[in-house]
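No lab work stands behind these numbers, since they all come straight from the coordinates. These figures come from a predicted structure and were not determined experimentally. Cβ sites come from the backbone with ideal geometry, for glycine too, and all protein chains shown count toward neighbours.
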There are 2 protein chains.
Amino acid sequence: MTVQTTSAAPPSSAPAATATAPDDALSTALAEVERRIAAVLTAERDRWAAVDPRCAALVEAVTTLSLAGGKLLRPRFCLLGYLAAGGDPECPKAVDAAVALELLHSFALLRDDVLDDAPTRRGTVTAHERHIGDHTERGLRGEARRYGEGIANLAADLAHIYADRFTRGLEDEARAVWDELRIEVTFGQYLDIAVAAEGVADPELSRWIAVCKSGRYTIHRPLQLGAALAGRTDLADVFEGYGLPLGEAFQFRDDMIDAFGTSADTGKPAGLDFAQFKMSYLLSLGVRRDDRIRALAAHPAGPEQADRMRELLVETGVAEDVEQRIAQLVEDARKALADAPLVDNWRTRLTELTTSVAYRDR
Amino acid sequence: MTVQTTSAAPPSSAPAATATAPDDALSTALAEVERRIAAVLTAERDRWAAVDPRCAALVEAVTTLSLAGGKLLRPRFCLLGYLAAGGDPECPKAVDAAVALELLHSFALLRDDVLDDAPTRRGTVTAHERHIGDHTERGLRGEARRYGEGIANLAADLAHIYADRFTRGLEDEARAVWDELRIEVTFGQYLDIAVAAEGVADPELSRWIAVCKSGRYTIHRPLQLGAALAGRTDLADVFEGYGLPLGEAFQFRDDMIDAFGTSADTGKPAGLDFAQFKMSYLLSLGVRRDDRIRALAAHPAGPEQADRMRELLVETGVAEDVEQRIAQLVEDARKALADAPLVDNWRTRLTELTTSVAYRDR
């Protein structure tokens with residue numbers, strides 16, 4: 001699975017009258033999320049380095065990724081869910097949950113980069129690649145790959161546990177959302193590699209995986225978690241109605257960026273889905289429609305094949321169909337908010353966010 | 001790290017007058033732990049198989065290991081800590097925590113078997129090996145190793161999350177123990193592979209890793225968690241004084257079993273530490289003492305070298321020194337309980353348990 005690191009930029013054309021105050025509360029909370037992540041990782045590095053200096057490297061594998069400029073999309077949705085549900089901006093509990101979501105995302109990315117053997121992430125070398133290189137340079141014993149992937153996988157566990165520590169205060173309703181989110185993303189990752197290995201080209205299955213790993217994990221569950229923290233479990237359906245289509249649009253944009261973007265823009269390699277036999281909605285539509293695409297997808301090879309695949313996805317109209325599908329999904333997400341019992345300023349903000357999530361370029 | 005699956009058999013010579021009633025309460029609770037693990041894994045398999053039949057395999061990777069006859073050592077210590085602290089045997093919260101510990105152990109074993117590339121565990125093929133074989137047999141796309149190890153690692157995550165779900169009701173004191181236990185075992189696993197890769201032969205460091213990954217993870221923290229559930233945080237020091245030496249003895253026995261045991265007895269391969277450059281206390285003492293052992297440890301090869309290693313560990317007196325150290329540690333653990341404010345029947349049970357933990361044969 002290619003878990004997302006990218007997120008929306010703030011909309012450039014937000015109406016000043018409605019957006020100024022809310023944006024301030026959100027920005028303040030997001031800055032606090034980043035501060036707490038840095039603080040807990042520094043404290044843990046220091047505590048464990050005092051036990052044995054080697055331990056610092058394990059925490060640093062989490063830190064390098066967590067502080068590499070992710071856009072805090074899941075914390076953003078959690079805080080927006082909380083504020084749109086009328087939660088008190090001064091209360092710290094939504095910030096704790098937002099920290100948990102972002103550290104959990106570090107866990108998912110560290111694991112995912114091993115699953116996909118990704119060389120770069122957020123513009124820097126991935127943890128397993130770095131430690132494989134370190135093993136080779138230092139002439140260590142055993143197999144470099146097992147060592148590097150092992151360290152990255154343990155760093156992922158550490159990020160998961162630190163994330164979970166921030167949920168200590170959650171009440172049952174919110175905790176249930178947190179647990180379900182973690183289970184869903186794990187099955188999403190599993191299906192992603194299982195379906196890739198089988199080479200199944202089933203657009204409906206690809207859609208379902210997109211819902212699981214992006215719709216729920218990135219948008220719906222963080223919003224629902226925020227709403228639960230504000231005592232508004234009645235908003236679960238509203239945020240599902242918004243989060244699932246927008247998450248699907250988010251994942252389809254991701255597939256388009258993977259296929260047509262460049263590494264310089266995204267901070268991660270382009271064409272990785274293709275190289276890893278990942279059956280994104282884009283690719284599975286293509287395989288269904290055109291025999292030349294099917295033949296290429298069965299044996300991905302070098303950059304020449306990737307160029308040819310891009311040409312064919314455009315020529316056959318598959319890329320355009322995905323664009324139209326994204327536009328429809330954005331429309332669906334916006335409609336779900338229209339009459340919902342939300343704080344107006346924050347409803348506006350969530351509505352605007354659909355555009356930057358679905359039409360981002362990295 | 002070679003995380004333990006084995007545990008103590010019930011003592012055969014427990015005095016009937018003190019042991020009958022307590023053993024019943026413990027046996028009842030342990031049976032309930034097993035029943036709940038089977039129930040949650042069945043429910044989750046059914047729930048996710050309905051989403052997509054492929055999902056069943058991920059849950060089954062957890063089930064196969066969790067129900068393969070582990071001896072429930074961590075649940076046992078958690079329940080004993082709770083009962084010895086005077087906890088109400090009728091209250092279900094200690095059982096929930098015990099379930100969490102056993103599922104967490106499935107997580108640790110699944111992860112560990114990938115880290116160590118172990119072929120068997122609890123007498124059956126490990127999850128990553130099984131899925132590597134499945135990939136090859138079915139002629140799936142991509143690399144069999146990445147696929148098999150990926151599935152085992154995701155199954156580990158799933159076990160971790162299911163474990164954590166059973167801690168929902170924990171109060172802050174108990175939850176803090178749970179979080180610290182998870183962090184410690186992760187650093188224990190990390191140091192184990194870091195030290196193996198460096199080939200460091202430092203008996204003190206090996207001892208510290210044993211404390212971290214067995215003393216705390218297997219004995220001290222489960223006992224402390226049980227005591228916290230009974231509202232007896234005053235027992236933290238007593239259980240540390242008992243758990244750390246006994247855990248060290250447990251790990252040293254494990255090292256001896258790895259070196260001198262047979263796969264038929266243990267359900268996992270013999271000599272894996274040696275093959276994986278693991279610097280157990282046993283091996284690091286040997287490397288310090290004898291140049292022939294040092295030379296062998298630097299380049300582990302086939303069964304002939306393993307036989308020679310065993311001879312040398314005996315001939316140089318290293319194995320005997322480890323036996324004496326185990327005896328001293330058992331003595332230390334027993335002393336820590338002698339005057340502690342515990343329920344007498346359960347103090348006796350914990351005292352007796354030292355023998356079966358330190359002198360088990362698998």
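Numbers below:
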read-out	value
Spherically averaged projected area in nm², based on the convex hull that wraps the Cα atoms of the range A:186-323	8.8
Gain upon complete extension [A:Phe260, A:Arg47; 0.36 nm per residue less C-alpha separation]	72.3 nm
Nearest-20 debye value, the protein assembly as shown charge dipole, Cβ charges on Lys, Arg, Asp, Glu	260
Whole-angstrom Cα spans of the range B:35-171 along principal axes, big to small	57, 33, 23
Relative contact order computed over the range B:247-362 (Cα-Cα under 8 Å; 6+ residues apart), in percent	34
Listed residue pairs exceeding 27 Å between alpha carbons, taken from A:Lys213/A:Lys268; B:Lys71/B:Lys213; A:Lys213/B:Lys93; A:Lys93/A:Lys213	A:Lys213/B:Lys93
Derived scalar couplings ³J(HN,Hα) [the range A:199-210; Karplus, 6.51 cos²θ - 1.76 cosθ + 1.60; whole Hz; x for Gly, Pro]	x, 6, 10, 10, x, 5, 5, 4, 4, 5, 4, 4
Nearest-20 debye value, chain A charge dipole, Cβ charges on Lys, Arg, Asp, Glu	620
Ratio Rg/Rh, restricted to the range B:218-281 and using Cα atoms, in which Rh is the Kirkwood radius	1.17
Label zone at A:Thr28, where the point sits 7 Å out along the Cα-to-Cβ direction: the range A:320-354 residues whose backbone N lies under 20 Å	A:343-350
For the range A:19-358: relative contact order, % (alpha-carbon pairs under 8 angstrom, 6 or more apart)	20
Other-chain or far-sequence residues with amide H under 5 Å of B:Thr126's (modelled H)	B:Thr120, B:Arg121
Shielding of B:51-61 by partner chains, average beta-carbon count, 10 Å	3
Unit charges at the beta carbon, dipole of the range A:19-358: most positive-side option, A:Leu67, A:Ala230, A:Leu154	A:Leu154
Per-residue HN-Hα couplings for the range B:247-255 [Karplus 6.51, -1.76, 1.60; θ = phi - 60°; Hz; x = Gly/Pro]	x, 5, 4, 4, 5, 5, 4, 4, 4
Residue-averaged 222 nm ellipticity for chain A, from DSSP H runs of 4+ at -39500 (n - 2.57), nearest 500	-23500 deg cm²/dmol
Amide H contacts under 5 Å for A:Ala270, placed H, 5+ residues apart	A:Ser263
Pairwise centroid distance, computed over Cα atoms, of the range A:36-74 with the range A:125-150, Å	19
The range B:228-243-the range A:202-279 distance, computed between alpha-carbon centres (Å)	45
Relative contact order [Cα under 8 Å, 6+ residues apart], the range B:20-116, whole percent	34
Rounded D (µm²/s) - the range A:257-352, Kirkwood Rh over Cα pairs, Stokes-Einstein at 37 °C, 0.692 mPa s	214
Ratio Rg/Rh [Cα only; Rh per Kirkwood] for the protein assembly as shown	0.99
In order through the range B:317-325: 3J(HN,Hα) via Karplus (6.51 cos²θ - 1.76 cosθ + 1.60), integer Hz, x for Gly, Pro	x, 5, 4, 5, 4, 5, 4, 5, 5
Value of Rg to Rh for the range B:16-358 (Rh from inverse mean 1/r over Cα pairs, i.e. Kirkwood)	0.98
